[in-house]
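The values are calculated or read from the model by the stated rules, or taken from the named source; none is laboratory data. On a predicted model such as this, the values are computed, not experimentally measured, just so you know. Ideal geometry is used to build each Cβ from the backbone, glycine not excepted, and the neighbour counts take in all protein chains shown.
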Amino acid sequence: MSEWSLEVLEVLQASGWTAGRRVDTTGWRSKFEAVGIVMHDAAEGFLQEFGGLTVSIGVMPRRIDDGRQSDQDR
């Protein structure tokens with residue numbers, strides 16, 4: 001049984017999320033460390049699973065990124 005509702009799963013999957021998704025968090029970690037913030041485990045876990053996704057809810061897309069442009073964004 002999923003911890004997400006069917007509606008949430010549909011939105012996440014439409015955004016490119018998959019169960020077990022893990023992305024590199026080096027970019028976020030560098031940005032945190034540059035301003036003296038230590039990335040804790042919960043933040044890293046969240047960013048590994050959801051970082052880089054653009055989630056569209058209603059009419060306002062939201063992107064969770066580290067500020068770097070990918071080839072897809074250009």
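Figures for the structure shown
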{"item": "Unmet criterion (only one of (1) modelled with pLDDT of 95 or more; (2) among the aliphatic types (A, V, I, L, M); (3) loosely packed, with under 11 Cβ neighbours inside 10 Å) for Val59", "result": "(1)"}
{"item": "Positions within segment 7-34 being more than 17 Å from Ser56 (Cβ to Cβ) and part of a helix (DSSP H, G or I), in sequence order", "result": "Thr26, Gly27, Trp28, Arg29, Ser30, Lys31, Phe32, Glu33, Ala34"}
